[in-house]
Structures are given as C-alpha cells and as structure tokens.
1. Taking only the range 150-165 into account, find how many residues are crowded, with 21+ Cβ neighbours inside 10 Å and of a type in the set (Val, Ile, Thr).
2. Identify all residues within the range 166-181 that are open to solvent by 20 Å² or more (accessible area, probe 1.4 Å) and assigned to a loop (DSSP other than H, G, I, E, B); write none if there are none.
3. Please tell me if Ser27 is in contact (Cβ under 8 Å) with a residue 60 or more places away in the chain, crowded, with 19+ Cβ neighbours inside 10 Å and either farther than 30 Å from Asp228 by Cα or of a type outside the set (Phe, Trp, Tyr) (or both).
4. With the condition kept exactly as written, say whether any residue in the range 238-254 is under 17 Å from Leu141 (Cβ atoms) and within 18 Å of the chain's Cα centre (by Cα).
5. Looking at (1) under 24 Å from Ala243 (Cβ atoms); (2) modelled with pLDDT of 90 or more; (3) open to solvent by 10 Å² or more (accessible area, probe 1.4 Å), which is the one condition that is false for Gly147?
6. Consider only pairs whose beta carbons are under 7 Å apart and that are at least six residues apart or on different chains; among these, list those whose first residue lies in the range 232-258 and is at negative phi and whose second residue is β-branched (Val, Ile, Thr) and surrounded by 11 or more Cβ atoms within 10 Å (Cβ to Cβ).
7. Suppose we filter the range 94-106 for residues that are surrounded by 24 or more Cβ atoms within 10 Å (Cβ to Cβ) and part of a helix (DSSP H, G or I); how many remain?
8. Consider only pairs whose beta carbons are under 6 Å apart and that are at least six residues apart or on different chains; among these, list those whose first residue lies in the range 154-174 and is touching a residue at least 40 places away in the same chain (Cβ under 8 Å) and under 16 Å from Met296 (Cβ atoms) and whose second residue is open to solvent by 10 Å² or more (accessible area, probe 1.4 Å) and part of a loop (DSSP other than H, G, I, E, B).
Amino acid sequence: MNDLATVAVDAMGGDQAPVVVVEGAVSAVKQWGISVILVGDTPRIEAELAKHKCDGLPITIEHASDVVGMHDSASDAVRKKKDSSIRVAYDLVKQGRAQAVVSAGNSGATMAAGMFVLKRIPGIERPALATIFPNQIDRTLILDVGGNVDCKPIHLQQFALMGDVYARELMGKAKPRVGILSNGEEEGKGNDLTRGASRALSEAPFNYIGYVEGRDIFNGSVDVVVCDGFVGNVLLKVSEGLADTIGKMLKAEIEQSFLAKLGYLLSRGAFNKFKKRIDYSEYGGAPLLGIQGIGMICHGGSSPKAIMNAIRMANESVQHDVSGKLATKLSLTQNT
C-alpha cells in the first residue's frame, strides 16, 4: 500500500481536547499530507479549526454527540455511549471510511471500543498496548504497558509475536531479539508467569533470547521486551517520571552558576538531542496491537506534537499493514 491513510482522530479525547488534538491533527496534515477525520462536537471542532489555516487541507469532521470521560467505565464506550467520539471513530474504520484511530481519551474505553467494533485478530486472546523506549543504541519495544494486568503464559507468547512483527515492520529490525522482563537472567529466576511464558516462547518462531532485566531495556541488548500490563505500566510511569526528574535536576544545576550556564551554551546541541531522544511526544502514542485494524492510544496530557506523531505512526502502521501481517504470522504459527 502506497497511498496515505485516512486517520479518524478522537477530537474530544484528552485533558485539553479539542484544542490540543485539533492543533496536532492540523500539523500532521500539513507536514505529511495525511487525511484526517476529526470526530466529536462539530461546533467546538470548527471553532478550533478556525484558529488555523486549513483551507484546502484534507480535514473533515464527523459529528459525535457524546464523550467517554476519564472516569467512565470501559463498557460505557461500547454499550451505553454508542455515539461517543471514540466509538464513532472506530465505526469509521469498520465502515472503510478511515484506516486507523488515534485517541488521547480514556485508554480502557479506547481498547474496549477497538475490540468490540473491529474485533480481535484470530488467535489473539488479549490485545496489548506497546510503547517504544529509547536506549543507548536505538529503541526498545515494550508490551504490555497497561492493557492486561493479569496474564497467563500464552498471553505473553502472543505479546511477543505481536512485538516481533511490529519491530520488523515499524522499527526496521530484521531479526528482533525478544526477551521476557524478569528479576534476573538466570533460568531459576522469575515467577510462575515468567517461567511458563519462557517455555512457551522457547517454542515460538522468533528470536527469543531468554530473561532480561530492567537495565537491558536501556542498554540496547534487546529489541522487544514482554511483560504483564501491571509490571509494564509501572515501568512506563517510572521511566516517564525519571526522564522528567533528570531534566529538572539538570536545569536546576545549570542555573546555579555562571560557569554551568556557559557550559550549557557550549553543549546546547547535545542537550537538545538528548532531550529529543527521551521525549515521549516523539513517539506519539502506544499502538493497540491485536485488533483487526490500527489504533493508537495517547497519553491524556498529550501535547500537539504527540498527537501529530501519533497520527504519523498510525499512518505508517497502515502503510506496513501491521495488522494484516500479524494475522498472517499467527495463522502460519498455528498451522505449523
């Protein structure tokens, strides 16, 4: 597929919607020419679009009368709020009017709507949220980071299969190294889940390298790391907090003396590159892997830049047919 995708964007999802979402969507359209359908309250979306130069851009609006709030249950997006912006966005994909969804709204509701409307890929019991971490060499893919807090070994095996396909297609890894996050590299480490998953992954058709520790995520020795969503979400939040803390501590130290400020001016280029590498907004959002379509789930506090890059990633996932290739790999695996 060479044509650019049409991305349905939940304009009402996120802490500062629709302001931030519309700004990010407009930036994505201007920079890459991706077609966008903004889903939500039409008058509010139109008011935001009026703040930007959008004439002639491939941006349309699909009205949705309801919104799933951050404190609503996931089932509300599916059963009670059928005209919510996130439900309507997935309906557009089902109808063929869009090929991907981007939302910074309620993540549980976004996952539930994706599974209900688009269904799971055959052979996948639980879709997973994935995220990309920078490392000393390149990038590391982690999944699951919050979608499934209670898992069985078969779920981690399926996460690994999905991660392997994603790393090949979107990260350019010819033979991704796949590991299970544990409290040590020795076979005797871990718990019942990791030991059972290790046995399952050892028989799977990809490059399984065994247990890895938290530090391996950042030293570049592994490309795909699988874990249950409880551990993965803790890892994600700790890493986000650490990156923010390092930035603030560096700033405080630099501001304490003239020599430190001078040193910063001389090395500002390196600092800016470092900041870009650890900035989550560069990666946009977390792909929802395992549904029959493309879904990108963004942080509720996403910036316009994060929304813009999530739309870019959604388009690239469509271009690479990630969902289709995952279904094919699962089918081949089950038939061998």
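The values are calculated or read from the model by the stated rules, or taken from the named source; none is laboratory data. Fair warning: this is a prediction, and the values are worked out from it, not measured in the lab. Cβ coordinates were reconstructed from backbone atoms using ideal geometry, including for glycine residues, and neighbour counts include every protein chain displayed. Protein only, heavy atoms only, side chains kept; ligands, DNA and RNA dropped before computing areas. Shrake-Rupley method; radii C 1.70, N 1.55, O 1.52, S 1.80 Å.
1. From the range 150-165, those crowded, with 21+ Cβ neighbours inside 10 Å are 151, 155-165; that's our starting set.
Next, from what is left, pick out any that are of a type in the set (Val, Ile, Thr): 165.
Of the residues in that region, 1 qualify.
2. Matches in the range 166-181: Gly172, Lys173, Ala174, Lys175.
3. Numbers: in contact (Cβ under 8 Å) with a residue 60 or more places away in the chain: yes; crowded, with 19+ Cβ neighbours inside 10 Å: no; either farther than 30 Å from Asp228 by Cα or of a type outside the set (Phe, Trp, Tyr) (or both): yes.
Judged against the criteria, Ser27 is not a match.
4. First, the residues of the range 238-254 that are under 17 Å from Leu141 (Cβ atoms): 239-240.
Among the residues that remain, those that are also within 18 Å of the chain's Cα centre (by Cα) are: 239-240.
The answer is yes, given that some residue of the range 238-254 is under 17 Å from Leu141 (Cβ atoms) and within 18 Å of the chain's Cα centre (by Cα).
5. Gly147 satisfies all of (1) under 24 Å from Ala243 (Cβ atoms); (2) modelled with pLDDT of 90 or more; (3) open to solvent by 10 Å² or more (accessible area, probe 1.4 Å) except (2).
6. Gly232/Ile142; Gly232/Val145; Asn233/Val145; Leu235/Ile142; Leu236/Thr131; Leu236/Val145; Ala243/Ile278
7. Count: 0.
8. Glu169/His320
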